[in-house]
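Participant: Here it is: the structure, laid out below.
The values are calculated or read from the model by the stated rules, or taken from the named source; none is laboratory data. These numbers come from a predicted model, not from an experiment. Positions of Cβ are generated from backbone atoms using ideal geometry, with glycine treated the same way; all protein chains shown enter the neighbour counts. Surface accessibility is based on the protein's heavy atoms, side chains included, excluding ligands, DNA and RNA. Shrake-Rupley method; radii C 1.70, N 1.55, O 1.52, S 1.80 Å.
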Amino acid sequence: VQLQASGGGLVQPGGSLRLSCAASGTIFNLNIMGWYRQARGQERELVATIMSGGSTNYADSVKDRFAISRDNDKNTVYLQMNNLRPEDTGVYYCRLDRVGFLTDTYWGQGTQVTVSS
C-alpha cells in the first residue's frame with residue numbers, strides 16, 4: 001500500500017487549503033482514512049478521520065473549520081481546511097488503517113501547511 005498526499009502550501013490566516021491523499025494497492029473494504037499533523041517540536045496529533053462507511057471524527061481544535069471526505073472509487077481522502085490559523089501550521093500526514101483479522105497502518109509522506117501573514 002502506498003499513500004500519496006498533496007495540496008499543502010503557504011496561506012494567510014483565514015485562508016483555505018484542500019489536501020488530497022490517494023491510496024494505491026490492496027485496500028480492504030473496511031478501513032479508516034485520516035489526517036494527522038505534526039508541528040515543529042511537538043508530537044503528531046489527530047486532525048480528522050473517516051471510516052469507509054462515512055463516519056467522521058475531528059479534533060476539537062478543527063471542528064467547524066475542517067471537513068474530511070472520501071471517494072471510495074478513487075481510494076482518495078480529502079481535507080478541506082477553512083479559516084486557517086497560524087496554529088494549524090505543520091506537516092500533515094495521511095494515514096490508512098486496514099481493518100481485518102488484524103489491523104495494519106500505513107502513512108503517507110506528509111505535506112507542509114504553513115499559515116502565516
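Participant: For the stretch 1-40 and the stretch 56-117, what is the separation of their C-alpha centers, rounded to whole Å?
Facilitator: 5
Participant: Could you tell me which chymotrypsin sites (Phe, Trp or Tyr not before Pro) in the stretch 13-117 are loop residues by DSSP with no more than 13 other beta carbons within 10 angstrom of their beta carbon? Working shown, then result.
Facilitator: Numbers: sites: Phe28, Trp35, Tyr36, Tyr58, Phe66, Tyr78, Tyr92, Tyr93, Phe101, Tyr106, Trp107; in loops: Phe28, Phe101.
Qualifying residues, ordered by number: Phe101.
Participant: Can you figure out the FRET efficiency of Arg18 with Leu102, using R₀ = 35 Å and their beta-carbon distance, to the nearest 0.05?
Facilitator: 0.60
Participant: Another question, if that's okay. Give a residue-ordered list of calculated ³J(HN,Hα) values for the stretch 110-115 (Karplus: 6.51 cos²θ - 1.76 cosθ + 1.60, θ = phi - 60°; whole Hz; x for Gly, Pro).
Facilitator: x, 9, 7, 10, 10, 10
Participant: Hey, if we sort Leu10, Leu17 by accessible area with the 1.4 Å probe, largest down, what's the order? If you can, show how the numbers build up before the last one.
Facilitator: Working: Leu10 130, Leu17 30 Å².
Output order, biggest surface exposure first: Leu10, Leu17.
Participant: Right, next: Can you give the accessible area per residue of the stretch 12-81, in Å², using a 1.4 Å probe?
Facilitator: Numbers: 3860 Å² over 70 residues.
Here the per-residue accessible area is 55 Å².
Participant: Taking a probe of 1.4 angstrom, what is the accessible area of Met33 in Å², to the nearest 10?
Facilitator: Only protein atoms counted, so the area is about 0 Å².
Participant: Another question, then. Once R0 is set to 35 Å, what does the formula 1/(1 + (r/R0)^6) return for the Cβ-Cβ distance between Ser55 and Gln112, expressed as a FRET efficiency to the nearest 0.05?
Facilitator: Numbers: r = 29 Å, r/R0 = 0.82.
According to the calculation, E is roughly 0.75.
Participant: Could you give me the ³J(HN,Hα) list for the stretch 3-11, computed from phi with Karplus coefficients 6.51, -1.76, 1.60 and θ = phi - 60°, whole Hz, x at Gly and Pro?
Facilitator: Working through the residues one at a time gives 10, 10, 9, 7, x, x, x, 9, 9 Hz.
Participant: Quick check: at a probe of 1.4 Å, how many percent of the accessible area of the chain sits on carbon and sulfur atoms? All intermediate terms of the calculation are to be shown ahead of the outcome.
Facilitator: On the way: 2860 of 6390 Å².
Here it works out to 45 percent.
Participant: Could you give me the ³J(HN,Hα) list for the stretch 93-99, computed from phi with Karplus coefficients 6.51, -1.76, 1.60 and θ = phi - 60°, whole Hz, x at Gly and Pro?
Facilitator: 10, 8, 9, 10, 10, 8, 9
Participant: Calculate the dipole size of the chain relative to its Cα centre from +1 charges on Lys and Arg beta carbons and -1 charges on Asp and Glu beta carbons; express the result in debye to the nearest 20.
Facilitator: Numbers: 11 positive and 10 negative charges, 32 e Å.
Result for the chain is approximately 160 debye, rounded to the nearest 20.
Participant: Counting alpha carbon pairs within less than 8 Å and at least 6 residues apart, what relative contact order, in whole percent, applies to the stretch 39-101? Display every interim value, and only then the final one.
Facilitator: On the way: 49 pairs, mean separation 15.6, N = 63.
Computed over the stretch 39-101, the figure is 25 percent.
Participant: Leaving out ligands, DNA and RNA but keeping every protein chain, what accessible area does Ile68 have, in Å² rounded to the nearest 10, with a 1.4 Å probe?
Facilitator: Its accessible surface works out to 10 Å², give or take rounding.
Participant: Still on this structure, I have one more. Give me the net charge of Arg95's neighbourhood, meaning all other residues with Cβ under 13 Å from the Cβ of Arg95; Lys, Arg count +1, Asp, Glu -1. If you can, show how the numbers build up before the last one.
Facilitator: Numbers: positive: Arg37, Arg44, Arg70, Arg98; negative: Glu45, Asp97, Asp104.
My count for the surroundings of Arg95 gives +1.
Participant: Based on the alpha-carbon set only, what is the convex hull volume of the chain divided per residue, in Å³?
Facilitator: Taking the convex hull of the Cα positions in the chain, it is 94 Å³ per residue.
Participant: Continuing with this model, one more query. Pop a pseudo-label 7 angstrom from the Cα along the beta-carbon direction at both Glu87 and Gln4 and give the gap in nm to one decimal.
Facilitator: 3.5
Participant: While we're on this one: As a test, work out the antiparallel percent of DSSP beta bridges whose residues both lie in the chain, rounded to the nearest 5. Before the final figure, lay out the partial values.
Facilitator: Working: 42 of 45 bridges.
Taking every DSSP beta bridge with both residues in the chain, the antiparallel ones total about 95 percent.
Participant: Can you give me the relative contact order of the chain as a percent, contacts being Cα pairs under 8 Å and 6 or more apart? Don't jump to the answer; show the numbers that get you there.
Facilitator: Values: 290 pairs, mean separation 42.8, N = 117.
Value for the chain: 37 percent.
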